[in-house]
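Worksheet: the structure to be examined is printed underneath.
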Amino acid sequence: MGMSVRVRFAPSPTGMLHVGALRDALFKSLFARHWGGQNILRIEDTDRTRYSPESEQEFIDTLKWVGIEFDEGPHIGGPNAPYRQSERKEAGIYAEWIVVLLGKGHAYKAFDTPEQLEEMREIQMINKRPSGYFGGIWRDGSPEQVAAAEAEGKPFVIRQRIPRDTAIVIEDAIRGRVEWDSNTVDDPVLIKADGMPTYHFASMVDDHVMEITHIIRGEEWLSSAPKHACLFDSFGWDRPIFVHCPVIVGTDGKKLSKRHGATRVLDYAARGFLKQALKNFIALIGWSPGDDREAMTEQELIEAFDIKGIQPSPGKFDYEKLKWLNGCAIRALDPEQLLQEIADYLARPYTTEYFEQLEPEPGSPNPKDVLRTLLLLRTTIETDRAYALEAIKLEQQRVQTLADFGEACEFFFVDLPPMDQKAVDKWFKDPVTASLFAYLLEECSSAYLSESGPEVYDASLRAFQAAYGLEKLGPVVHPTRVALTGKTTGPGLFELMSVLGPARIAARVERAKGLLK
Ligand code: GLU
């Protein structure tokens, strides 16, 4: 590619930043990095009734959390500043270009009243005609008519004059040739009665002025593409390359919604997904590196990213795959780094807010328990970082999200862990258990166990097994695990014993003794 690639992420901040928008932003960022081009952030806030400053803040926070960077944008400036369309409007940029378009005859003033437009819609509905503005008096109004209406001070909008009786064709980089009968494309408003540009106009003018080479965006914009292409043609500008990415669906093939898991990107941060795993996962929705690689680093994604790898068919959002990738990313971290990730995760206010307002769901741990255990983890990291690190190291092999560390590590951090009654009933009834607990207490009081590694606990429990002539180690390890953790599952017993150390072990075995039948 000879020219320098320039792409833009151009959100209209009217709500939360959803997974679809993140994919859009990520594809552009990977594409720009792949070609050593520029990635531009532009805020499309011309629809003042829907624009929300909180939403813009959410976009900025989310992009920052996920680590998508821009070369130009409202937060960093750049040669095309300002990057917020309301400010560009104030600077007179759109007014200047609409005069050019009017002069070329590719736009016209339309003075229809709301009642007239309503009537037009009704007639179109009754006659089952496509709805939209295809003409009326003003498209072909005489200069005198227009001058008279203007002299009367009638409010007007400026519409795009779509050519009639012809084909509008684009070469989409993913879909190939797409063709529209121009008679089915209505004349969109470019400038509203209050002088504000619409999305169609502001976005395309900016794409030209900012020298955008590729308009990469979601498929929902494909139906606007003929208007956009015509606008470029009418100005006599070179068209950018259109790249319409497939929609995202759930594993059931239905459009992605709340049912498939959260769609707000910040919720993934709150649930303990690592940004690298989320990016890896999102990049693979509708795009493939061309081989069967799945777990990829950011650098690998940048190197492999290519528009040819984007599929025209809907991209599947598979939450199970995301969890799997996140588990891989957690295991790929050095334990110190992981501890820092967890500390940062717990320090973000939205993490606690999220679990505070989350409704309990069947099949998932209760949000209140998750929150309680996460706060315990946070306190332990603050008060006994070394101990927290040892606990985290053992659970690193088992969890899928950072949130999982709360419940997984809980037994390490409480004085006495809550006991699973079923486990107690099952494992505390063998007569040998009383001797086992007495033996463990004895062992813990001897100096050799402090500072000991897993192999010493291994040897100690095997010595008990041999002394009592037990055929299997099960009757030794299971009651011991239940006594120490309250549960039947968890990390390796000898490893966790070595992390707990003799004092904690003794306190827990003492308590377990009291529960013997
Ligand atoms: N502002 C539009 C949006 O919110 C941008 C669409 C486009 O990329 O052309 O998605």
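Being more than 13 Å from the ligand (Cβ to nearest atom) and either farther than 30 Å from Gly37 by Cα or hydroxyl-bearing (Ser, Thr, Tyr) (or both) is the requirement here; does Ile158 meet it? Yes; evaluated as a whole, the condition is true for this residue.
One residue stands out among those in region 439-450 that are in contact (Cβ under 8 Å) with a residue 40 or more places away in the chain and out of contact with any Gly (no Cβ under 7 Å at 6 or more places or on another chain): the one that is surrounded by the most Cβ atoms within 10 Å (Cβ to Cβ), which is Leu440. Considering Ala332, Ala270, the condition of being open to solvent by 30 Å² or more (accessible area, probe 1.4 Å), at pLDDT 95 or above and small (Gly, Ala, Ser) is satisfied by Ala332 alone. If only residues of region 135-153 that are modelled with pLDDT of 95 or more and in a loop (DSSP other than H, G, I, E, B) are counted, the one that is farthest from Leu190 (Cα to Cα) is Glu152. Sub-7 Å Cβ pairs linking a first residue in region 357-385 that is within 19 Å of Ala347 (Cβ to Cβ) to a second residue that is open to solvent by 60 Å² or more (accessible area, probe 1.4 Å) and acidic (Asp, Glu), at least 6 apart or interchain, are Val370/Glu407; Leu371/Glu356; Thr373/Glu407, ordered by first then second residue. Looking at Thr489, is it within 24 Å of Ala388 (Cα to Cα), open to solvent by 20 Å² or more (accessible area, probe 1.4 Å) and among the hydroxyl-bearing types (Ser, Thr, Tyr)? So Thr489 passes the test. Scan region 85-107 for residues that are outside any helix (DSSP H, G or I), without any contact (Cβ under 8 Å) to a residue 60 or more places away in the chain and touching a Lys or Arg at 6+ places or on another chain (Cβ under 8 Å) and report the count. The total comes to 1. From the list Glu219, Glu211, the lone residue that is within 16 Å of the ligand (Cβ to nearest atom) and touching a Cys at 6+ places or on another chain (Cβ under 8 Å) is Glu219.
Taking residues in region 10-28 that are closer than 12 Å to Ser52 by Cβ and at pLDDT 95 or above, and partners anywhere that are among the acidic types (Asp, Glu) and within 8 Å of the ligand (Cβ to nearest atom), the pairs with Cβ atoms closer than 7 Å and at least 6 places apart or on different chains are Pro11/Glu44; Ser12/Glu44.
Only one residue in Leu461, Leu449, Leu515 is of a type in the set (A, V, I, L, M, F, W, C) and in contact with a Phe, Trp or Tyr (Cβ under 7 Å, 6 or more places away or on another chain), so which one is that? Going through Leu461, Leu449, Leu515 in turn, just one is of a type in the set (A, V, I, L, M, F, W, C) and in contact with a Phe, Trp or Tyr (Cβ under 7 Å, 6 or more places away or on another chain): Leu515. A residue that is touching a Cys at 6+ places or on another chain (Cβ under 7 Å), farther than 30 Å from Asp71 by Cα and of a type outside the set (Phe, Trp, Tyr) occurs somewhere in region 168-179. Applying the criterion of being in a helix (DSSP H, G or I) and open to solvent by 20 Å² or more (accessible area, probe 1.4 Å) to the residues of region 246-266, the residue that is modelled with the highest pLDDT is Leu266. Look at (1) in a loop (DSSP other than H, G, I, E, B); (2) over 19 Å from Phe201 (Cβ atoms); (3) within 9 Å of the ligand (Cβ to nearest atom) and you find that Ser4 fails only one, number (3). The criterion of at least 3 residues that are buried (at least 20 other Cβ atoms within 10 Å of the Cβ) and within 33 Å of the chain's Cα centre (by Cα) is met, among strands (runs of 3 or more DSSP E) falling completely within region 180-245, by 214-218, 241-245.
Can you find even one residue in region 244-260 that is within 15 Å of the ligand (Cβ to nearest atom) and out of contact with any strand residue (DSSP E or B) (no Cβ under 6 Å at 6 or more places or on another chain)? Yes, that holds for at least one residue. Only residues that are open to solvent by 20 Å² or more (accessible area, probe 1.4 Å), under 19 Å from Tyr133 (Cα atoms), of a type in the set (A, V, I, L, M, F, W, C) and under 40 Å from the mean Cα position of the chain (by Cα) were counted in region 145-179, giving 2. For the criterion of being open to solvent by 60 Å² or more (accessible area, probe 1.4 Å) and either among the small types (Gly, Ala, Ser) or assigned to a loop (DSSP other than H, G, I, E, B) (or both), Lys128 passes. Residues in region 14-69 that are within 13 Å of the ligand (Cβ to nearest atom), of a type in the set (A, V, I, L, M, F, W, C) and open to solvent by less than 60 Å² (accessible area, probe 1.4 Å): Leu17, Ala21, Leu22, Ala25, Phe27, Ile40, Leu41, Ile43, Phe59. Annotation: Ile174 fulfils all but one of (1) of a type in the set (A, V, I, L, M, F, W, C); (2) away from the ligand (no atom under 16 Å from the Cβ); (3) closer than 30 Å to Glu320 by Cβ; the unmet one is (2).
The values are calculated or read from the model by the stated rules, or taken from the named source; none is laboratory data. These numbers were taken from a predicted model, which means no experiment stands behind them. Because the Cβ atoms are built from the backbone with ideal geometry, glycine has one as well, and the counts that use them run over all protein chains shown. What goes into the accessible areas is simple: the full protein's heavy atoms, side chains included, and nothing from ligands, DNA or RNA. Shrake-Rupley method; radii C 1.70, N 1.55, O 1.52, S 1.80 Å.
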